[in-house]
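Asks: I'd like to ask some things about the structure below.
Readers should treat all values here as calculations from the given coordinates under stated rules, not as data from a laboratory. Being a predicted model, the structure only gives us computed values, none of them experimental. Every residue, glycine as well, gets a Cβ built from its backbone with ideal geometry; the counts of neighbours run over all protein chains shown.
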Amino acid sequence: MKNKHTIGDLRQMQSLPLSAKIQMTRQRIRGWVDEFGEDGVYVSFSGGKDSTVLLDVVRKDYPSIEAVFVNTGLEYPSVRQFALSKENVTELRPKMNFRDVIIKYGYPIISKEVSLKVKETRKCSNGYASKSFNGERAGTAYDYSSYSYLLNAPFQISDMCCSEMKKKPVKEHEKKCGEVAITAQMAEESQARLTEWLVNGCNSFEKKRPISNPMSFWTEQDVLTYIHTYNLAIADAYGQVVVKNDGVDGQINIHDYLGDYRGCQYETTGCKRTGCVFCLFGIRQDLERMVMLAEQEPKLCDYVMRGGEFSESGMWQPSKDGLGYWFVLEWLNVHGNLKIGIPNREYYIEKYGTERGRLLLTA
């Protein structure tokens, strides 16, 4: 099957002004609604900033379109409250909780792609996936040799959390209601999403499970610019969207002073990413994620960090006390040199450390 787009197409579209991107996104949404009808589509709404922008764009043209929020229990409380405060939001819940998902499948580490490759390679050490780690495919998008240390991790690693906690409830909803999704996925977010866009474009009409990603050619800065420009309300976990201050702290930003924001770069004063607060996907780009969680939701963070135990098979997993992330993060820092911030690190090591654990945490 021939790709609908090239990398050059993406770069050209990403370079367009935001106003042009908004119009192109609206056109793709209209094409989707024309195909399936207003009652046949829904906005996949996580309560995060990307899907908040998408919902705003969609409902400016189609105010009555349904939003679907999957309440996994893994969201920041403020994100959950924000999502459910919107009109016409259908709330779904998964059948498995996150602790059970980790015990059954493993921890979500680095990214969906990396976790999947680790899982597959551990099942078959000389299979196709193993080539991603041994350098045979070096120089390609599938070269994960820098993550080969994960193959020896003393805990299971898996990409199944999203499948169990988000995809399954959504698929059941789609089957029951006969609806198809509009999502805020962007090509720049991962190799998988880039490949999806290159092959199918924004509106994947031909897929067995049709899906629309009308913001595929947007960037993180586009999302932040939209929020700032239109004064769009977002979940409290993000704080505010402000102009990056390259000047002296405490001095007024020149863009704010002039009221001219052309060419500005933006950032949030709170979380950079919300998503599932227990998830370690994207942790390399957000090393202080758990530190931020400890500041905003200390009790929730403590449950994530504390506890843990070795199973009968010798693999680390959650215990009744908590999810045991302190050990997982420490092991990643020791063996992967990731430098992830671990709140109250010494306390957790002292309280929950064992002789076996200390040996495994030695480089």
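Asks: Divide by every residue of the chain the summed helix terms, -39500 (n - 2.57) for each DSSP H run of at least 4, and state the resulting mean residue ellipticity at 222 nm, rounded to the nearest 500 deg cm²/dmol.
Replies: Result for the chain, helices only: -11500 deg cm²/dmol.
Asks: With angles folded into 0 to 90 degrees, how steeply does helix 18-36 sit against the dominant principal axis of the chain? Use alpha carbons for both and round to 10.
Replies: 90
Asks: Using 0.36 nm per residue of separation minus the Cα-Cα distance, give me the extension gain between Y347 and Q27 in nm, one decimal.
Replies: That works out to 109.8 nm of additional length.
Asks: While we're looking at this one, here's another question. What percent does the relative contact order of the chain come to when contacts are Cα pairs within less than 8 Å and at least six residues apart?
Replies: It rounds to 18 percent for the chain.
Asks: Computed from these coordinates, which is Rg and Dmax of the Cα atoms in Å: (1) 20.0, 63; (2) 20.4, 72; (3) 21.5, 64?
Replies: Given (1) 20.0, 63; (2) 20.4, 72; (3) 21.5, 64, the structure-derived one carries the label (3).
Asks: Then there is this: Describe numerically, in nm with one decimal, the distance between label points set 7 Å from Cα along Cα→Cβ at L232 and at Q285.
Replies: 1.7
Asks: Based on other C-beta atoms within 10 Å, arrange V70, V41 from fewest to most.
Replies: The order, fewest Cβ neighbours first, is V41, V70.
Asks: Run through the range 142-175 and list the GluC sites (Glu not before Pro) located in a DSSP loop whose Cβ has at most 11 other Cβ atoms within 10 Å.
Replies: Nothing satisfies the criteria.
Asks: How large is the Rg to Rh ratio of the range 255-363 when both quantities use alpha carbon positions and Rh follows Kirkwood?
Replies: Ratio of gyration radius to Kirkwood radius for the range 255-363: 1.12.
Asks: Of the candidates E179, E196, E35, which one comes out as most mobile in a Gaussian network treatment of the chain with C-alpha springs shorter than 10 Å?
Replies: In the Gaussian network model the winner is E35.
Asks: Cut-off is 10 Å between beta-carbons; in what order do T354, T183 appear when sorted fewest neighbours first?
Replies: Taking fewest neighbouring Cβ atoms as first place, the list is T354, T183.
Asks: Another question, if that's okay. Using DSSP to call loops (not H, G, I, E or B), can you name the GluC sites (Glu not before Pro) in the range 51-125 whose Cβ has at most 12 other Cβ atoms within 10 angstrom?
Replies: Those satisfying the criteria are E87.
Asks: Also, quick follow-up: Taking the alpha-carbon distance from K207 and a cut-off under 19 Å, which lysines remain once sequence neighbours fewer than 8 residues away in the same chain are dropped?
Replies: Qualifying lysines at Cα under 19 Å: K2, K4, K167, K168, K171, K175, K176.
Asks: Considering the options L16, H228, G324, tell which one lies farthest towards the positive end of the dipole of the chain, charges being +1 on Lys and Arg and -1 on Asp and Glu at the Cβ, about the Cα centre.
Replies: Comparing the listed Cα positions along the dipole, G324 ranks first.
Asks: Need one number: % antiparallel among DSSP beta bridges in the chain, to the nearest 5.
Replies: Counting DSSP beta bridges with both partners in the chain, the antiparallel share is about 35 percent.
Asks: Sticking with the crude label model, points 7 Å out along Cα→Cβ, report the distance from E309 to E35 in nm, one decimal please.
Replies: Calculated label separation equals 5.0 nm.
Asks: May I ask you to compute the full-extension gain from V242 to L92, defined as 0.36 nm times their residue separation minus their alpha-carbon distance, rounded to one decimal in nm?
Replies: Between V242 and L92, full extension yields an extra 50.7 nm.
Asks: While we're looking at this one, here's another question. Test of understanding: ordering D222, D9 by Cβ neighbours within 10 Å, fewest first, what list do you get?
Replies: The fewest-first ordering by Cβ neighbours comes to D9, D222.
Asks: When the chain is fully extended, how far beyond the present Cα-Cα distance does I7 get from D321, taking 0.36 nm per residue of separation?
Replies: Taking 0.36 nm per residue and subtracting the Cα distance, the gain is 108.3 nm.
Asks: I've got another one for you. Under a Cβ-Cβ limit of 4.7 Å, which cysteines in the chain have nobody to pair with?
Replies: When partners are defined as cysteine Cβ atoms under 4.7 Å apart, the chain leaves C124, C161, C162, C177, C202, C264, C271, C301 without one.
Asks: Once you keep just the Cα pairs under 8 angstrom separated by 6 or more residues, what percentage relative contact order results for the range 1-67?
Replies: After rounding, I find 28 percent.
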